[in-house]
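*Asks:* Here you go, one structure.
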Amino acid sequence: MRIRIFPRYIIRLLLPYLALAAGIFTAVLCMNQFARVLGEAIKIGAPLGWVFYAMSQLTPGMLALGAPMAYQLAVLLTLGLLSERGELLALRAAGFSFWQMAWPPGLVALALCGALLWLNNFASPACFRRFMDSRYALAGRISNLRVEPKTVVNVGQWRFYADTVEDDGALEQVMLFRYPQGAQGRENWTLRVSAPRGTFAIVPSQGLVLDLEDGEMQKVDPADPSRVIMARFGEYSVAIPLVSPGQGARDISLNELSTPEIIRGIKHAELTEQRRAEYKVEAATRLAVALSPLVFFWLSCPLGIGLASRSRAAAMVLSVGILFAFYGATASGISLGRKLHALSWWAPWLADALGLLAGFFFWRRAVRG
């Protein structure tokens, strides 16, 4: 009877910590995204409802990042609480083995890994794609663009800057840039325009319309920077579409592809070696992060059970140290995989491998003790 009661007791202690920590970590990660989404919505005049929709699509990805950290913290807090109450000492005195005390958190870790495999490889990419699709569709309906002084405004392949922006649309010290996007022809040369004054207006059918005076224009061939066309003008007008005309399907980033789609994409012959390495690193990283709760279980249980009579404060400090070490190794592995193409499949697993090796040492010591 005691064997069946104890796992339920441990899990009941663990789950509230896990839920609370996951909520906090996810909220912190979402705050950064919310600031970016809100800033973009203000700049392009998007409705408030789109901001909430965007956050609903970004939250699964933030949850997938925060859940492994939450589990690691929850395990150490749970075991720290048991140590603080003297319950671990009592369990040992009652004849419980190390494994009997450790396997319930392992069961939670296994369930969490299953959820993260679905989140990282399918749900999060699909949600992020819906977010990008909504932002792309919204761009075609923009009727407002926030133009502020001394701020670079990005509109498609154009960059616009003005020292002074008046409420009536008057501008001073204007600079305008257009960068090529792979097409051929002189119309896609790098274009640089500067003028001491001008005006702007948002025209729904045209986009951002600029009328500049007494400035100069410079065109540079991106294939041969020595080929330059320069001219001065008295008046210059340009309409910058808020979404590029004639655009069909937008480019899909790796973050929007499910892992099976990424693996199929690796086989495409037209990929460069660098791009192929990025595909492999992305797929491997998703799997490594999804399985990280098992690594945290392997690390945290022997350390947590060894806390003896120390308090939950010690568990917090230990948790922060493990998280810094683990995610530092993860970042190093990702960087290594992108640089050394032969290691693209394996380098993102660096943190998991180091965690398992360290956990083996801790488990061995705990079992012997």
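The values are calculated or read from the model by the stated rules, or taken from the named source; none is laboratory data. The structure displayed is predicted, hence computed values, not measured ones. Heads up, the Cβs are rebuilt from the backbone with ideal geometry, glycines too, and the neighbour counts pull from every protein chain shown.
*Asks:* Could you check the stretch 253-272 and list, in sequence order, the residues that are among the β-branched types (Val, Ile, Thr) and either under 21 Å from the mean Cα position of the chain (by Cα) or in a loop (DSSP other than H, G, I, E, B) (or both)? Give the steps one after another, and end with the answer.
*Replies:* Here is the first cut: in the stretch 253-272, the residues among the β-branched types (Val, Ile, Thr) are 259, 262-263, 266, 272.
Within the stretch 253-272, 259, 262, 263, 272 qualify.
*Asks:* Return the residues of the stretch 317-369 that are hydroxyl-bearing (Ser, Thr, Tyr) and either in a helix (DSSP H, G or I) or exposed (fewer than 15 other Cβ atoms within 10 Å of the Cβ) (or both); say none if nothing qualifies. Full working, then the answer.
*Replies:* The initial filter retains those residues of the stretch 317-369 that are hydroxyl-bearing (Ser, Thr, Tyr), namely 319, 327, 330, 332, 335, 344.
Correct list: 319, 327, 330, 332, 335.
*Asks:* For residue 290, indicate whether it is within 18 Å of residue 73 (Cα to Cα) and at pLDDT 95 or above. Walk me through it before giving the result.
*Replies:* Numbers: within 18 Å of residue 73 (Cα to Cα): yes; at pLDDT 95 or above: yes.
Judged against the criteria, residue 290 is a match.
*Asks:* Take residue 90 and decide whether it is among the hydrophobic types (A, V, I, L, M, F, W, C) and in the same structural domain as residue 9 (by TED's automatic domain parsing).
*Replies:* On the way: among the hydrophobic types (A, V, I, L, M, F, W, C): yes; in the same structural domain as residue 9 (by TED's automatic domain parsing): yes.
Here the answer is yes, as residue 90 does meet what is asked.
*Asks:* Any chance the stretch 39-47 includes a residue that's over 26 Å from residue 281 (Cβ atoms) and among the acidic types (Asp, Glu)? Can you show your working first?
*Replies:* Pass one, the stretch 39-47, residues over 26 Å from residue 281 (Cβ atoms): 39-47.
From what's left, among the acidic types (Asp, Glu): 40.
So far as the stretch 39-47 goes, yes, one or more of its residues are over 26 Å from residue 281 (Cβ atoms) and among the acidic types (Asp, Glu).
*Asks:* Look through the stretch 234-246, keep the residues that are surrounded by 14 or more Cβ atoms within 10 Å (Cβ to Cβ) and modelled with pLDDT of 80 or more, and return whichever of them is nearest to the chain's Cα centre (by Cα).
*Replies:* 238
*Asks:* Pick from 58, 29, 88, 63: which is farther than 26 Å from residue 120 by Cα, in contact (Cβ under 8 Å) with a residue 12 or more places away in the chain and crowded, with 18+ Cβ neighbours inside 10 Å? I'd like the intermediate steps shown before the answer.
*Replies:* Numbers: 58 fails: farther than 26 Å from residue 120 by Cα; 29 fails: farther than 26 Å from residue 120 by Cα; 63 fails: farther than 26 Å from residue 120 by Cα.
The conditions single out 88.
*Asks:* Here's a follow-up. Can you tell which of 336, 323, 343 is of a type in the set (A, V, I, L, M), modelled with pLDDT of 80 or more and in contact with a Gly (Cβ under 9 Å, 6 or more places away or on another chain)?
*Replies:* Working: 336 fails: in contact with a Gly (Cβ under 9 Å, 6 or more places away or on another chain); 323 fails: in contact with a Gly (Cβ under 9 Å, 6 or more places away or on another chain).
Only one candidate qualifies: 343.
*Asks:* If you go through the stretch 85-104 one residue at a time, how many are over 18 Å from residue 75 (Cβ atoms) and at pLDDT 75 or above?
*Replies:* 2
*Asks:* Counting only residues that are surrounded by 14 or more Cβ atoms within 10 Å (Cβ to Cβ) and either within 14 Å of residue 215 (Cα to Cα) or of a type in the set (A, V, I, L, M) (or both), how many does the stretch 162-180 have?
*Replies:* 9
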